[in-house]
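The values are calculated or read from the model by the stated rules, or taken from the named source; none is laboratory data. Since we're looking at a predicted model, the values are computed, not measured. Please note: Cβ atoms are built from the backbone with ideal geometry, for glycine as well, and neighbour counts cover all protein chains shown. The protein model used for the area step is the full one, side chains on, heavy atoms only, and it has no ligands, DNA or RNA in it. Shrake-Rupley method; radii C 1.70, N 1.55, O 1.52, S 1.80 Å.
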Amino acid sequence: MPSDTVLGAGSPSSVPAPSSYRITALIVASALFMEQLDSTILATALPTMARSFGVSPLDMSVALTGYLLSLAVFIPMSGWIADRFGARNVFCAAIAIFMAGSLLCAQAPSLTVLVIARILQGLGGAMMVPVGRLVILKTVPRAQFVSAMAWVMVPALIGPVLGPMVGGFIVTYFDWRWIFYINIPLGIVGILLASRHIENVREETRRPFDMLGLLYSGVALGSLLFAFEAGGRGEAPPAVTLTLLVVGIVSGWLYIRHARHHAAPILDLTLMRLLTFRLSVVAGGLARISAGAMPFLLPLMMQLGFGMSAVHSGLVTFASAAGAMAMKASAGPILRRFGFRNTLIWNSVFTSCFLAIYAAFRPDWPLLAIYALLLIGGFSQSLQFTAYNTIAYADVERERMSAATSFYTTMQQMMLSLGICVSAAVLQVSVAVSGRETPVMADFSAAFLTVTSIALLAAFLCARLPRDAGDDLAGRAAPRDAAH
């Protein structure tokens, strides 16, 4: 088992050999594989699970949102906990918590219990991937950031590729509860590999834990997302939704006031002064609204709109994730050739156009055409997020990587949750206006066009990036100090 590694300014141990960070990246990717496999399997199984619980398929969106909400609430403390107890210890504990949540999900007798179990899963997920990513960001030389992110993402993207197919197969031929049982052997393998190969990286300087900040931020994020979710599905009275919105806004304002006077706030708002970080958070957030909606909308549309079985819909929608996986080998060359600014601007437009085409899908379309469009859309969307995930840390000092990772990942998960809420809300409104009980193709078209229009706004924000932003990360300029 690797020994503890305490990082301080100028620590020579902060830059490992390439083979070392690649092994670490693959282990982190395996954890992300388990998380993504779980999410995409669940999305495919929602209609089947809805029948089992005796609820509407639209009501099942709360199972997705509850998990993402848990991530948004607990991720802020991931950086502090990793610095305090060591990345390996926290990473292994997070996998164990995720496994415990999976077992509870498999035994859930109702939607309410399932949502509670998904929140426990989210607690594990909130520590698992961010802590692994933090190790990479703190130890990998800047010129190899893009390569390291690719090593993390390629195996992880196998999860979305296999998820729809595995999920469709399980709910068609077995009980849906097996979609959670399969996390157990994956988690055990992850703990064994992490214990053997991941250094217990932690910071020499210990920051005070911001408990009050965690309370304020958790109430703010939780209230806002529950307001979006309940209001979007039309299940909460307007007064309840309004109350949640007010509580969320007031709590957010209290947190901002608190963060200005705290020595080490749980979410460091001063990071938003960095242009590259700020644009990645805001523009990437707009793009992630569509990314969060797709795993919810596509399987639901294929099953309710096209009349496909769960396994058949999984075989169709996996093309999007396959395109995302195929892109990873191209990310480095594309960014070196065009730079971050040009790539983010024009690929935002290109991606939005392809996602908008999904709104025109109809059951009489040739399946080959749907496969091709999903493949290209997944390819371009994945390129976009690889660029966002890298440029966000272009100007962040190594000592602030923990705070930056916590902040960035929190906003990332919040916007993914918002994507599900927005798409579910549009479906609900469209169905209610038409007087139907279940969504039809026109309702799905409205949802796709709404989230795509929001994502298109990111292109205008990316135009504010300097032309040379992130050139050292893309290999277009001489790299800065590796321990930056």
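Annotations
- Out of GLY8, GLY79, one residue alone is at pLDDT 80 or above, more than 30 Å from VAL440 (Cβ to Cβ) and not hydrophobic (A, V, I, L, M, F, W, C). It is GLY79.
- Within the range 435-470, the set of residues being part of a loop (DSSP other than H, G, I, E, B), free of Cβ contacts under 8 Å to residues at least 40 places away in the same chain and either open to solvent by less than 70 Å² (accessible area, probe 1.4 Å) or in contact with a Gly (Cβ under 8 Å, 6 or more places away or on another chain) (or both) comprises GLY435 only.
- Residue identified as in contact (Cβ under 8 Å) with a residue 12 or more places away in the chain and touching a Ser or Thr at 6+ places or on another chain (Cβ under 6 Å) among LEU374, LEU367, LEU427: LEU374
- The sole residue among LEU344, LEU355, LEU427 that is hydrophobic (A, V, I, L, M, F, W, C), open to solvent by less than 30 Å² (accessible area, probe 1.4 Å) and more than 23 Å from MET301 (Cα to Cα) is LEU344.
- Residue match in the range 316-338 (condition: closer than 30 Å to ALA446 by Cα and either free of Cβ contacts under 8 Å to residues at least 40 places away in the same chain or charged (D, E, K, R) (or both)): no
- Set GLY292, GLY307: member being modelled with pLDDT under 90 and in contact with a Gly (Cβ under 9 Å, 6 or more places away or on another chain): GLY292
- Residue within the range 423-432 that is in a helix (DSSP H, G or I), closer than 30 Å to VAL62 by Cα, modelled with pLDDT of 90 or more and in contact with a Leu (Cβ under 6 Å, 6 or more places away or on another chain) present: no
- Within the range 145-168, the residues that satisfy the criterion of being at pLDDT 70 or above and either not in a helix (DSSP H, G or I) or not small (Gly, Ala, Ser) (or both) are PHE145, VAL146, MET149, VAL152, MET165, VAL166.
- Every residue from the range 210-226 that is open to solvent by 50 Å² or more (accessible area, probe 1.4 Å) and either at pLDDT 85 or above or not aromatic (Phe, Trp, Tyr) (or both): MET211, LEU212, LEU215, TYR216, VAL219
- Residues that are closer than 13 Å to MET49 by Cβ and in a loop (DSSP other than H, G, I, E, B), drawn from the range 105-119: ALA108, PRO109, SER110
- Here LEU274 fulfils each of the conditions (1) within 22 Å of MET415 (Cβ to Cβ); (2) among the hydrophobic types (A, V, I, L, M, F, W, C); (3) open to solvent by less than 10 Å² (accessible area, probe 1.4 Å) apart from (3).
- Sole exception among (1) closer than 15 Å to LEU304 by Cβ; (2) more than 22 Å from the chain's Cα centre (by Cα); (3) open to solvent by less than 10 Å² (accessible area, probe 1.4 Å) for ARG398, by number: (1)
- Put simply, of THR172, THR139 the only residue that is modelled with pLDDT under 70 and over 19 Å from the mean Cα position of the chain (by Cα) is THR139.
- Hey, ALA117 touching a residue at least 12 places away in the same chain (Cβ under 8 Å) and among the aliphatic types (A, V, I, L, M) or not: yes
- Checking each residue of the range 383-392 against the condition of being crowded, with 24+ Cβ neighbours inside 10 Å, under 20 Å from the mean Cα position of the chain (by Cα) and part of a loop (DSSP other than H, G, I, E, B) gives at least one match.
- Qualifying residue in the range 122-129 (condition: at pLDDT 90 or above and touching a helix residue (DSSP H, G or I) at 6+ places or on another chain (Cβ under 9 Å)): yes
- Yes/no for LEU64 being open to solvent by less than 20 Å² (accessible area, probe 1.4 Å), of a type outside the set (Ser, Thr, Tyr), modelled with pLDDT under 85 and over 20 Å from the mean Cα position of the chain (by Cα): no
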